[in-house]
Each structure stands twice: as structure tokens, then as C-alpha cells.
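Trainee: Okay, handing you the structure first.
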Amino acid sequence: MSDKTRRVLATQVRYLPAHILLILGGLVMLFPFVWQILMSLSTNAEIQSVPPQLIPEQFMWSNYTDVFAKIPFLSQFGTSVLITVVRTVGQVVLCSLAGYAFARMRFRGRNLLFGLLLAILMIPGQAYLIPQYQIIKSLNLLETWGGVVLPGIFSAFGTFLMRQAFLSMPKELEEAARLDGCNPWQTFWRVMLPLAKPSLSAVAIVTVLWSWNDLLWPLIITSREDNMPLSVGIATLAGQYSSDWAIMMAASVMAMAPIFVLFFSMQKRVIEGLAASGVKG
Amino acid sequence: MTTTTATGRQAPPKTRTHPMSVGAWPLLFVGPLLIGVAIFYYYPIVSNLYTSFTTTNAFGGDVKFVGVDNYVDLLTRPDLPSALGNTLLYTGVVLLAVPLSVVIASMIELPGLKGRTLYRMLFFMPYLAMPVAIAQVWRIFFNGNFGLLNQMLKAIGISDPPYWLSTPGFAMLAVAFFGIWSSIGFNVIILSSGLKGIPPELYEAASLDGANAWQQFSRVTVPLLTPSIFFLTIMQVIGGFQLFDGLYAMLGPTNPAINESRSLVYLFYNEAFVQQNKGGGAAIAMFIVVLVGIVTAIQFWGQKKWVHYE
Amino acid sequence: MKRRSFLTVAGLAGAAVSLSACSGGDTEPGGQGGELTADTTAELTFFYWDKNQTPTVEANIAAFNKQYPNIKVNTSIAAYKDYWSKLRTQAEGDQLPDVFWMNGPNIQLYAGNDMLASIDDLTDVPWDKYPQALVDLYTVDGSHFGIPKDYDTIACFINKTLFEQAGVPIPTDGWTWAEHNDAAKKIAATGAHGVVSTVGAADGQGSYYNTIYQAGGYVIKDNQSGFADPKSVKGLQFWADLIADGSMPSLQVMTDTSPTVLFSNGQAGIFWAGSWMVQPLLEDLKDPAEVIVVPLPKDETQATIIHGLAYVASAKSKNLAASKALVQAMTTEEAAKTEAANGTAIPAFTGTQQAWVDGQPEWNLGVFTTGADEYSVSYPVSKNTAAWEDLQLQILPDAFAGKTPMEEAAKNLAEQMDALLAKE
């Protein structure tokens, strides 16, 4: 056993309480997810049985193929990707710009403006629905992905998050950039933004998930099976008096699989590895 | 480019007025966002404010100005105190998610910890599953007839455990648990990225000073995380006051226990979309904004005492 | 107006991914309100909520297109609960679909606020071929606003095995409340649930509305609440008594596990439910052969609530004549036959129901159609039905659970309901 291995092992032993707590907590987090997968392989009768039957007698892989017969999965998947990408890019750009200004620039009415920005989170979301619908209608964007994307790219939440990120960065870097002759845009783009990558990716992840699962707004804006995103498509599978849970679960497992892969492959780059590289940027 | 005079003269000592605080720069940075916000959010809020002084028919037509009648009606509603109380209780309980997430994130990001990727994925999972699936699973967990929770309670000798989802009071606890559970994944992501921003040298220095793990946590980690913690606290409070989806998802709209679990937003929804009283609903929405606005302003005012920015 | 909407649509074509769901775009002058001919060109939007009925909808649209080959019908769908959120938003945004499904609780709300087109001018609708209760349901202020599509009535689903175990004979048509309660009690004594229903969810249609009318009471008459009527109170008390003596599980048991699930798992002897439960039960029951359907028990009289959906047209449709023609085409005898054959709902057109009844011969589904023909009572509605249905949820569960006296609760409910009705 090399020294290094021994050292790593010793550390893990010291961390044993943390490992135990994290595993227990992690299982609580994981459990609905596993259950969902099991439900997606059950019959509807098994899902509805009393007491619930956790493990299906026979794995119903046909639930997955049935999804394709019930909704135009691939085209709705494509719409979801489009909407999610545009929303995420839009939010990341707008929020980082505004968040930087709110954190680092001094201008008249800054705090008031920021307070008013946060206020948009404080009103029940349902109150926006009809006015926003009328605006989208007057912009002639009903039934378009533009209409689905628009209100959501302006985010108080993302701006707040980016503001906090910029606030916690050293002022000296900016000062140095200024002395180097950078204008505010260059300071932001070349110095500060690279440092904010962890928070940027946090905004991006949250926006991706939120946009991917968003139901009410795209449901209002899109009407046809070939222009609605997957979240809406899956929701149409619910019946008035009873639902085919198994198919719905299978559809939603298929819908979230790519997000899962995306996050899994990205998470190292997303959360880690930035503290070091950021300084170089 | 910048010929106008500097507007910000409140610069802290030792920092001269920065050139970026002058002229059109702030406008260029904030403008794009504010235009969209004005169109898609301020306009609806202003129109909502106007509606709150009117009565209309069910579809917003037939508008009549009624002054502050809707607000008088709201403040004299017999169910306002309980809705307010439920909302405050819920918000208070789900705030526990913040310290819980700090502990979890700090453990995940312990230097040299193995399995970090796996842990991150685990705590992130709730965010991936479909909301309706999650609610279904937790409803089965809390089910009073055969749920896992009551089976465990019976196993440890509690012979008559409550019907969590259909007993007022307990129902609120179940909803709050669901609220905490669903916000942890998000909180952990935010805190993890905050933790990554803490230079390792600080820990090394602390450790050279003889600080033990707890001291490092309380003197290095937590203070440097305060901007993120502050952010999460604000968001959690704002989110708590918006309690509605959780009630619907966990209890369902026809659960008898929902009568005693109604939240402010539930009142809003019910007034505007069930009772078809749009003016009354709009007044409740404005009441919520003012209330949360005050609470948030107090938090911002209080942050000077505990939030450490660079 | 038409020209402008067409131009804006055309101008947008470059920017938008797709926009054919806008209801404009008709190029034939004949599309506007005038005479419809086989050549009429138009585009209509049609909105509905039940994916299970898509084959029926599509078949009927295809039939419509045989008659009007140049009228394109774009369908859209949302789940039931989302359907109403969307429809309301569209209504306020002046964007209602041309033709859509309507239900009883909402008809007066939409028709009374000028959202729906009167269809009185449709000349050859055979109104006498639909159940009168449904035609009346969709008649507001003397005008027809919808043509019935399907209907549902309520009956008792019986678990024969549990009846046999308890030594109780399978009920027959004309059985009484006393016989019902006696059977439920005996089944409960064996450890199963005697009877279950959606009473806990304050779903009157599936439970106490029926017993109120059976007892000779009423829910609403001449815009006055009938809940405080002593006979109505008797109909409500029926349920409180069942819960009190253990024949029916507590509201909590039925809230945490829905009555449907309890019944389909063979844990309840009698299940009060609508004809809409036939399909789901067939799919979820472990042994469909142990189930049979019998009429609701009677008290002073025999009664079942009848409700049904209708096809309606938007008042603002740009192709009103075409929209009305579609409403009519979706509710013809032929369309009803397609509906019956697919088995998803009982078609409203008289004489077409047999195929639906024959879908599950052992279950005696004729009970539902006989009930509709002989002793059905229309689903009680007013202009804002949802408002006082919400009151029921607030007030009645405590009384069913025995926490408040029923008479007091009913009086309270009637007073508050009358206040709401006065505001309509």
C-alpha cells in the first residue's frame, strides 16, 4: 500500500461520520427516484394496489415503447431542448450582466431598482398568467417557442444569485483591471465573469431544470401536440378520473434521463475545478 | 464615451469613484433585463394593482371602480388570520432547510472526501424526478392506512399514529417536510458552488492556527458562505410565502384537511379563480407582495450584521 | 377585422415556428358566418381534455371532413385540470378555440358572460333525441348553447365475493336505503369496508346529491339553495350515519386511499360511482368477474344524478358557421355510434348506447342507461357553480365525520350559498 493510498484511506476513516450521514441522507433523496423507475416498470394495477407493491412481478418494458404511441415523444423532446437552451442562454447572459451591475456599479436608485426586481418574486405566479398571455398575444407569439421562452428569460432569481456571487469577489482584481486600462465591459468579460463560473453554472443548471419541467406557461402558450414541449406532452397523459401512471412514469423517466446524463457528465466541470482555473482567467 | 459626471459619491474609503459607475455603463448592463421585466412583470403587477380597486365579471370585463372595498373585505375576512398563521408556520419550518443544506454541502465538499460525485448526484436527484411522481411517492409514504412512516411508527410501539395527510396540523407538517425535502437539492448546488469559491489556503491557515474541524466550519466556512446563505434565506422566505403547489401536490384540492391548511396564496387562488372575484384576488396578491416585501426588507437591513462580503 | 388578422398572421410567418392554431386564415368569403357549402374553406381549432377519446374525436372529424373537405380542424388537448386553466386564459385573451368541450358546472359561467355562441339557429338538431336533463343543462336563458356529447349516471358497483362472505344477497333493482345499510353493516362486520364513496371529497355528484334527491330534497331551485330543506338534510345524514356505525370507513381512510383504489383492491363491498369508472375499474380490478353493477338504493323515490358533456362554439369564432357545423357533426347519431363502439363514454344520442352497454355484458351496465332514461335528475348548477361547491368542501366534511350536527351544517351552508347566489 502506497503512502498516498494510506493517506486517502486515513482521511476517509476520519470522515466516516460524514460518509454515514451523507449516505443516509442521500438515500432519502434517491428513494422517490428509484420508486419512479419501479413504477415505470409496473402495471397500473400494481401501482394502485393496497398496500403498494414496490417491486413489479414482471418488468413491463413495454411501458416505454407505449410512450411513443401515445405522444410524439421525439418532436416534443426537440421542442423541450430548444426552449431550454434559449431560456438558459438568455438567463445566463441577462442575469450575469445585471447581477454584476447591481453588485459592483454605483448608480442612482440602485437599491430601489434591486428591491423592485425582487418584488416580482413575491406575487403569486398565477397573477401573471393572464396579463402575460395577453402580452404574448399582442406580440403575435402565441403557439411559438418564442412565446414560451420570453417571460422566463428575465429572472430576478438569477440576477440575485449572480449579484451575490459578484459581491463576494475580491475588489482588488477589478482595481487592477481598471489600472490596466480595461473599460467596464472588459473588466466584466475578461476578469470578473470567469471568476463567477461556479455561480453561472448554478444559474444554468437551475434554469435548465426549471425550464425542462415547466408546465403551466408552455401549456397555456402551445396547443398542438407537435409544438408543445415534453412536460406538457406528458401532462396530457393524465385522465380526468384515472391515469395510466405506469406510462406517465415511463415517459418522465425518459424525459429526465438526458438531464441526468448532462448533469452527471458536467458536474465536475460545473461545480469543481473552477476555484483554481478562475484566477487564471 | 463617458462625459457625464459621476453619480456615485458614496464610495467606501480607500476606493476612489470607479469609472464604471458613471455614464451609460450601468444602463447597458441592467437595461436589457429591466426592459423585459418591465414588460412581462411590472405591467402585470400594475394591472393587478388596478384590478384590486375594481370589481369585474368572471372574465375581467365589466370593470367597476370600488375604491378600497376589496382591501376592507380582505382585512375583515374571518379566515385571514389562519391563512396568515399557516403561511408563517410553513415558512418558518421550511427555513430549516437552509442550515440543513449548509451542513450537507460542507460535508460533501470536505477536502479529500471520496465519493463526492456520487453524493452530489444523490442530493441533486429530487430535482430531476418529475414533480407529480415525487408527490405520488411521498403521499404513499405518508399514507395513514399503510404508509411506510406509520408502519415504522407502529414498529417502535406507537400504536395509533396519525393520518398525516388528512389531519389538520399534521398535514401542514407533511407539506413542510415535502417543502424542505424539495429545496435541499437546490440549496446544496448553490452552497457547493459557494464553497468552491473559498480558497483552500484559508483552511490551511486555520489548521496551522490549531483550529479543529468544528472551528474551521464555524469560523471559516460559515462566514465565507454567508452571501450564499443570505441568498438562500431570502429565497426560502419568499418561496415559503408562495405556498400553494405543495398543498395541492401533497393534500390534493378535495382533502378535508385543506380547510384548516389554507395559505395566503390559496386564498388568492380561490378568490380569483374559484369564486371568480378577480378584484378580491388581486387585493390578496397585493397584500402578499407588501407583506413579503416588508419581511425581505427587514432581512436586507439585518444582513449588515452577519453577511460578509469581500 | 378579418383582413387585419390575416395580414398579421401572414406577416409573422417568418418569425414564428408555427401558427396554424390561430383561428383566422380563411380565404373564402363564404367562411364568414354565411352559408356553408361543400367548398367552404376554413380552419378551425378544437380543444378537448381526454386523451382516451382521441380515436373517437379523430374519427368524427374525419366524418365531418367528408362533408366539408376544405375545413381543416386543428385539435389540441390538455389534461382535465389544466384544460380549465387554459380555457379561462384563452377566454380572457379573446382566443377561445372555435369549438370545445364544456361541462355542467361551467356552462352558465361561459354562456352567461357571452363567451359562447347560441346555436338556436341550427335548424336540424334533433333535440328530442338527447336526454332532456342534458339539453336543459346546456340551455341558458332560453337559448341552446351546446349539443350533448355523452352522459354519465351513478350506480353501485358491487363486490360479489364480499357479499357472499357476509351472507348478503346481491341487491336487485328497487332495493331500499334500509337494505343498503343493512348489507353495508354486515359486510363491515366481516372486516372489509361495507361501502365507500367520494363523499369525503365533497363530491356531491357521486354521493350526497343522489341521496338528497332520493329523500325528496333538492340542491338548488329558482336560484335558492335547498340544502337546509329537511329532506335534503335527511339525504346528507345518510352518509354521516354510515360513517358513524362503521359501515363506511372514516373520511381520513378514504382521503389517504381513494375509494376507487379501495374497491379495485377488493376491500369494499359497495362503491358508489359514476359510469366513468367502468373503464378504469376494468383495467385495475384483479378479478373483474367478481363485480356487478346495481342501481342506487331508493328512499322516497329512485334517483341518480345525470351529467354529460357538450360540444360548444366560441362566440368570437371567426368561422361561426363552420364552428356550429362542427358542433353538430360531432354529436350526430353516427358520431354517437363511434363513441359507443370505442367504449370511452356513454353517447348522449338516444338509441346508440347499446354498444357501450354490451362492452362488458357481465357487469349489467344497462343500469346506467336505464337510470338515465327513467329516474335521472340533472346535475345542479348555477352561474358560478364552483363557488358554492367550494363551500360544500369547507362545511360538509365535518358534519359527515360527526363533528358538527348535520342540520346545523346544512343551514350554515344554505345561508352562505344563498349569499353567493344573490351575488351572481
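The values are calculated or read from the model by the stated rules, or taken from the named source; none is laboratory data. This structure is a prediction, so every number in the text was calculated from the model and none was measured. Neighbour counts run over all protein chains shown; Cβ positions are idealised from the backbone, glycine included.
Trainee: Exactly one condition in (1) in contact (Cβ under 8 Å) with a residue 24 or more places away in the chain; (2) at positive phi is false for C:Gly167; which is it?
Mentor: Every listed condition holds for C:Gly167 apart from (1).
Trainee: Taking the options C:Leu251, C:Leu262, name whichever one is modelled with pLDDT under 95, within 11 Å of chain A (Cβ to nearest Cβ) and over 30 Å from C:His144 (Cα atoms). Walk me through how you get there before you give the answer.
Mentor: Values: C:Leu251 fails: within 11 Å of chain A (Cβ to nearest Cβ).
It is C:Leu262.
Trainee: If we scan the range B:112-124, do we find a residue that is within 7 Å of chain A (Cβ to nearest Cβ), without any contact (Cβ under 8 Å) to a residue 60 or more places away in the chain and in contact with a Ser or Thr (Cβ under 6 Å, 6 or more places away or on another chain)?
Mentor: The answer is yes, given that some residue of the range B:112-124 is within 7 Å of chain A (Cβ to nearest Cβ), without any contact (Cβ under 8 Å) to a residue 60 or more places away in the chain and in contact with a Ser or Thr (Cβ under 6 Å, 6 or more places away or on another chain).
Trainee: When you scan the range A:85-99, do you find a residue that is facing chain B (nearest Cβ under 7 Å), modelled with pLDDT under 90 and touching a Ser or Thr at 6+ places or on another chain (Cβ under 9 Å), even just one?
Mentor: No: the range A:85-99 contains no residue that is facing chain B (nearest Cβ under 7 Å), modelled with pLDDT under 90 and touching a Ser or Thr at 6+ places or on another chain (Cβ under 9 Å).
Trainee: Which residues, taken from the range A:171-221, are of a type outside the set (A, V, I, L, M, F, W, C), under 23 Å from A:Tyr128 (Cα atoms) and more than 11 Å from chain B (Cβ to nearest Cβ)?
Mentor: A:Thr207, A:Ser211, A:Pro218
Trainee: Still on this structure, I have one more. Only one of B:Phe29, B:Phe40 is in contact with a Pro (Cβ under 7 Å, 6 or more places away or on another chain), free of Cβ contacts under 8 Å to residues at least 24 places away in the same chain and either surrounded by 17 or more Cβ atoms within 10 Å (Cβ to Cβ) or not acidic (Asp, Glu) (or both). Can you tell me which?
Mentor: One residue alone meets the criteria, B:Phe40.
Trainee: From the list C:Ser207, C:Ser225, which one is surrounded by 24 or more Cβ atoms within 10 Å (Cβ to Cβ) and out of contact with any strand residue (DSSP E or B) (no Cβ under 8 Å at 6 or more places or on another chain)?
Mentor: Being surrounded by 24 or more Cβ atoms within 10 Å (Cβ to Cβ) and out of contact with any strand residue (DSSP E or B) (no Cβ under 8 Å at 6 or more places or on another chain) holds for just one of C:Ser207, C:Ser225, which is C:Ser225.
Trainee: A follow-up question, please. Which condition number does A:Val148 fail, the rest of (1) in a helix (DSSP H, G or I); (2) without any contact (Cβ under 8 Å) to a residue 40 or more places away in the chain; (3) farther than 23 Å from B:Met235 by Cα being met?
Mentor: (2)
Trainee: Report whether or not A:Ser96 is more than 24 Å from A:Pro170 (Cα to Cα) and either of a type in the set (Val, Ile, Thr) or crowded, with 19+ Cβ neighbours inside 10 Å (or both).
Mentor: no
Trainee: Among the residues of the range C:166-183, is any among the β-branched types (Val, Ile, Thr) and outside any loop (DSSP other than H, G, I, E, B)?
Mentor: yes
Trainee: In addition: Does at least one position in the range B:2-17 carry a residue that is at pLDDT 70 or above, at the interface with another protein chain (Cβ under 8 Å from one of its Cβ atoms) and over 30 Å from the mean Cα position of the chain (by Cα)?
Mentor: no
Trainee: Could we say that C:Val219 is modelled with pLDDT of 95 or more, under 23 Å from B:Thr254 (Cα atoms), crowded, with 21+ Cβ neighbours inside 10 Å and away from every other protein chain (no Cβ under 14 Å) here?
Mentor: When the stated conditions are applied, C:Val219 passes them.
Trainee: A further question on this structure: Take the residues in the range C:31-47 that are over 12 Å from C:Tyr68 (Cα atoms) and part of a loop (DSSP other than H, G, I, E, B); name whichever of them is modelled with the highest pLDDT.
Mentor: Residue satisfying both the conditions and the ranking: C:Glu35.
Trainee: Go through the range A:65-89 and give me each residue that's hydroxyl-bearing (Ser, Thr, Tyr) and surrounded by 18 or more Cβ atoms within 10 Å (Cβ to Cβ).
Mentor: Passing the criteria: A:Thr79, A:Ser80, A:Thr84, A:Thr88.
Trainee: Taking the range C:190-247 as the region of interest, how many residues are without any contact (Cβ under 8 Å) to a residue 12 or more places away in the chain and in a helix (DSSP H, G or I)?
Mentor: Of the residues in the range C:190-247, the ones without any contact (Cβ under 8 Å) to a residue 12 or more places away in the chain are C:191, C:203, C:221-222.
Going one step further and asking which of them are in a helix (DSSP H, G or I), we end up with none.
Number satisfying all stated conditions: 0.
Trainee: Identify all residues within the range C:79-97 that are out of contact with any Asp or Glu (no Cβ under 8 Å at 6 or more places or on another chain) and either aromatic (Phe, Trp, Tyr) or away from chain A (no Cβ under 12 Å) (or both); write none if there are none.
Mentor: C:Tyr83, C:Trp84
Trainee: Next question. Residues in the range C:283-304 that are more than 14 Å from chain A (Cβ to nearest Cβ), among the basic types (Lys, Arg) and surrounded by fewer than 14 Cβ atoms within 10 Å (Cβ to Cβ): how many?
Mentor: 0
Trainee: Continuing with the same structure: Cβ-Cβ below 7 Å, separation at least six or inter-chain, first residue in the range C:249-266 and in contact (Cβ under 8 Å) with a residue 24 or more places away in the chain and in the same structural domain as C:Ser197 (by TED's automatic domain parsing), second of a type in the set (Phe, Trp, Tyr) and part of a helix (DSSP H, G or I): which pairs?
Mentor: From the range C:249-266, the pairs are C:Leu251/C:Phe400.
Trainee: Select from the range B:234-290 the residues that are outside any helix (DSSP H, G or I) and hydroxyl-bearing (Ser, Thr, Tyr) and write down the one among them that is nearest to the chain's Cα centre (by Cα).
Mentor: Going through the range B:234-290, the residues outside any helix (DSSP H, G or I) turn out to be B:242-244, B:252-255, B:261-263, B:275-277.
With hydroxyl-bearing (Ser, Thr, Tyr) added as a condition, the list becomes B:254, B:261, B:263.
Numbers: B:Thr254: 26, B:Ser261: 18, B:Ser263: 14 Å.
For the range B:234-290, the residue satisfying everything is B:Ser263.
Residue-by-condition table, conditions (1) out of contact with any helix residue (DSSP H, G or I) (no Cβ under 9 Å at 6 or more places or on another chain); (2) part of a helix (DSSP H, G or I); (3) farther than 19 Å from B:Gln276 by Cα; (4) more than 8 Å from chain A (Cβ to nearest Cβ):
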| residue | (1), (2), (3), (4) |
| --- | --- |
| B:Ser47 | no, yes, no, no |
| B:Asn70 | no, yes, no, yes |
| B:Ser82 | no, yes, yes, yes |
| B:Val137 | no, yes, yes, no |
| B:Ile140 | no, yes, yes, no |
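Trainee: Kindly check whether there is at least one residue in the range C:94-104 that is without any contact (Cβ under 8 Å) to a residue 24 or more places away in the chain and aromatic (Phe, Trp, Tyr).
Mentor: The answer is no; no qualifying residue exists.
Trainee: How many residues does the range B:208-233 hold that are within 13 Å of chain A (Cβ to nearest Cβ), part of a helix (DSSP H, G or I) and either among the small types (Gly, Ala, Ser) or free of Cβ contacts under 8 Å to residues at least 12 places away in the same chain (or both)? Don't jump to the end; show me each part of the working.
Mentor: If we filter the range B:208-233 for residues that are within 13 Å of chain A (Cβ to nearest Cβ), which is where we start, we get B:212-214, B:217, B:223-233.
Right, trim to part of a helix (DSSP H, G or I) and you get B:213-214, B:217, B:223-233.
Adding the requirement that they be either among the small types (Gly, Ala, Ser) or free of Cβ contacts under 8 Å to residues at least 12 places away in the same chain (or both) leaves B:213-214, B:228.
Residues in the range B:208-233 being within 13 Å of chain A (Cβ to nearest Cβ), part of a helix (DSSP H, G or I) and either among the small types (Gly, Ala, Ser) or free of Cβ contacts under 8 Å to residues at least 12 places away in the same chain (or both): 3 in total.
Trainee: Turning to a different aspect of this structure: Considering only the range B:104-127, I want to know if a residue exists there that is small (Gly, Ala, Ser) and assigned to a helix (DSSP H, G or I).
Mentor: yes
Trainee: Just the residues that are touching a Ser or Thr at 6+ places or on another chain (Cβ under 8 Å) and more than 22 Å from C:Gly308 (Cβ to Cβ), please, taken from the range C:378-414.
Mentor: Of everything in the range C:378-414, those that are touching a Ser or Thr at 6+ places or on another chain (Cβ under 8 Å) and more than 22 Å from C:Gly308 (Cβ to Cβ) turn out to be C:Leu393, C:Asp398, C:Ala401, C:Ala410, C:Leu413, C:Ala414.
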